[in-house]
Amino acid sequence: MHIGIVGAGLIGVSTALELSLRGHRVEVFDQRSGIAAESSFAGAGLWCPTVLPSLGLHPDWRQRAPWNHWARRQAQARKAPVWRERQQTLVRLGQQGQQWLDALTSSHRLEFEQRQGWLILRPDARSLRQDAADTNHLDALGLPYRLLTPKELGAVEPALQLQAPPAGGLYLPEVRVINGRQLAQQLRAVAQQLGTVFHLGTEVSQIVAGRPATLRWQHLGEARSGETRFDAVVLCMGTASSAALQSLGLRLPLFARPGASLTAPLSLPEAMPDPGPQGAVTESTQGLTLSRLGVRVRITDPWLAPDAQGRPSLRAQTRMYAALERWFPEAGHGAQVQAWQGQRASLPDDAPVLGASPWTGVWLNLGHGDQGSALAGGSALALADALQGEAIADDLQLLSCERWR
Ligand SMILES: Cc1cc2nc3c(=O)[nH]c(=O)nc-3n(C[C@H](O)[C@H](O)[C@H](O)COP(=O)(O)OP(=O)(O)OC[C@H]3O[C@@H](n4cnc5c(N)ncnc54)[C@H](O)[C@@H]3O)c2cc1C
């Protein structure tokens, strides 16, 4: 089949690669001049296929519009019994995605920054009470974890500052920490070797469903436009999906949730003992995550409101950097810090829309929220199966866009 993909974030690139591996002729369009330039650019890199209840909406945001509206919808969705079933499906996709990535890593010698282990720190006794909600959820999904006493924290994160020790920690040993943009670049290179064509700097201005399905596009730098017909098109448009689907007549409650990160070189990365986090560490009260990426460390604030300047304000950066100094005082030196702010497309039930759309020839792989990295491979596999008309697992119905119609 000749397949067009709109969006070259981690989801679009993974989908393109899987379809190319199956012998399809694939073309990918992205309005940005490089791949993974929007949501997939600089997130925390956690490969956890499910949300943890304790790391939901920051308490401050629950009072403010439009977040309070979002929080209400999310809380309502989480009460439905099907919510857990859907999370189970995501765990399955996450596991398949990891196997997919491991196989590709060894067959194509992929090289990208990767660590393992996620520690959720409970700074005080009050936050420790949140363990129950998280462990109930992890037990129900069969995901491994360990509850750590303050004394045990140093065994998983040797450089963690323990002079004023946190009350405890929840450790997820199997969660990977991956540089998503670097991975997307590697996957793209393989897809290109297999013949996938990437049209970068090219905005898709119209999607016309049908057999064939048509993408009307415009090259932004060269004032060149055209249209291409495909046997099928897959929309992986991140936060722009909402407007695109609305123009086709489908209103999804997609919400562009903002966040930000700082990425800094580690001071003395070759020092013994290593001064930085070994995997990822999240401070549960603030939600800030410190992730190890090669010889750098990334501090992510999952709830920072967008700043008009397109990067987190100095005040916000200082607050984020303070978390690094608090927990890994020897790790940073404040130089050459890269600041980023971004958004991710999230749905209130914490799950993506994956599979057929109501229109002939148009397929959807979007709305992955905070699980986009963890679900990229599994979503690509499921989408490719469905698009080829293969028998798909019953539980994938839970991710259909029909749930919002
Ligand atoms: C602060 C923050 C932290 C995060 N942390 C994590 C984490 O720890 N773990 C995790 O799994 N996920 C995390 N995420 C979420 C994760 O980054 C996203 O789920 C994932 O990147 C989504 O990938 P995507 O390909 O769907 O979207 P994107 O990467 O946004 O890609 C969509 C692409 O579509 C293109 N596009 C849109 N419209 C058009 C058009 N009309 N024509 C052409 N191109 C178009 C855009 O240019 C863009 O490149 C985080 C996100 C943020 C913002």
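The values are calculated or read from the model by the stated rules, or taken from the named source; none is laboratory data. These numbers were taken from a predicted model, which means no experiment stands behind them. No Cβ is skipped: glycine too gets one built from the backbone with ideal geometry, and neighbour counts run over all protein chains shown.
Given the criteria in contact with a Gly (Cβ under 7 Å, 6 or more places away or on another chain) and modelled with pLDDT of 95 or more, does LEU93 qualify? Criteria met by LEU93. Counted as qualifying within the stretch 227-322 are the strands (runs of 3 or more DSSP E) with 3 or more residues that are crowded, with 18+ Cβ neighbours inside 10 Å and within 11 Å of the ligand (Cβ to nearest atom), namely 255-265, 296-301. Given the structure, is ALA380 in contact (Cβ under 8 Å) with a residue 24 or more places away in the chain, over 30 Å from VAL208 (Cα atoms) and within 12 Å of the ligand (Cβ to nearest atom)? No: the conditions fail for ALA380.
The residue of the stretch 329-357 that is surrounded by the most Cβ atoms within 10 Å (Cβ to Cβ), among those that are away from the ligand (no atom under 16 Å from the Cβ) and at pLDDT below 95, is ALA331.
To keep it simple, each residue is scored yes or no on (1) in contact with a Gly (Cβ under 7 Å, 6 or more places away or on another chain); (2) without any contact (Cβ under 8 Å) to a residue 60 or more places away in the chain; (3) closer than 30 Å to HIS108 by Cα.
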position: GLN192; (1), (2), (3): no, yes, yes
position: SER205; (1), (2), (3): no, yes, no
position: VAL208; (1), (2), (3): no, yes, no
position: ALA213; (1), (2), (3): yes, no, no
position: SER225; (1), (2), (3): no, yes, no
position: ALA232; (1), (2), (3): yes, no, yes
position: PRO275; (1), (2), (3): no, no, no
position: THR282; (1), (2), (3): no, no, no
position: THR289; (1), (2), (3): no, no, no
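Of the listed requirements (1) within 15 Å of LEU46 (Cβ to Cβ); (2) at pLDDT below 95, PRO165 misses just one: (1).
Regarding ARG211, is this residue modelled with pLDDT under 95 and closer than 30 Å to PRO358 by Cα? So ARG211 fits the description; yes. Just one of GLY12, GLY34, GLY43, GLY4 is surrounded by fewer than 24 Cβ atoms within 10 Å (Cβ to Cβ) and within 13 Å of the ligand (Cβ to nearest atom); which is it? On inspection, the qualifying residue turns out to be GLY34. In the set (1) closer than 26 Å to SER379 by Cα; (2) crowded, with 17+ Cβ neighbours inside 10 Å, the condition left unmet by HIS108 is number (2). Residues in the stretch 47-65 that are under 25 Å from ARG126 (Cα atoms) and either of a type in the set (Gly, Ala, Ser) or at pLDDT 75 or above (or both): CYS48, THR50, VAL51, LEU52, PRO53, SER54, LEU55, GLY56, ARG64. For the stretch 199-213, check the following and say yes or no: at least one residue is at positive phi, crowded, with 22+ Cβ neighbours inside 10 Å and near the ligand (Cβ under 9 Å from one of its atoms). There is no residue in the stretch 199-213 that is at positive phi, crowded, with 22+ Cβ neighbours inside 10 Å and near the ligand (Cβ under 9 Å from one of its atoms). Residue selection: LEU101 satisfies the criterion of being surrounded by 17 or more Cβ atoms within 10 Å (Cβ to Cβ), aliphatic (A, V, I, L, M) and at pLDDT 90 or above. For first residues located in the stretch 113-135 and of a type in the set (Ser, Thr, Tyr), partners that are surrounded by 19 or more Cβ atoms within 10 Å (Cβ to Cβ) and lie 6+ apart or on another chain with Cβ distances below 8 Å form the pairs SER127/SER54; SER127/SER284; THR135/TYR145; THR135/LEU170. Number of residues in the stretch 18-45 that are out of contact with any Ser or Thr (no Cβ under 7 Å at 6 or more places or on another chain) and hydrophobic (A, V, I, L, M, F, W, C) equals 6.
Total residues in the stretch 214-250 satisfying the condition of being among the basic types (Lys, Arg) and modelled with pLDDT of 95 or more: the figure is 2.
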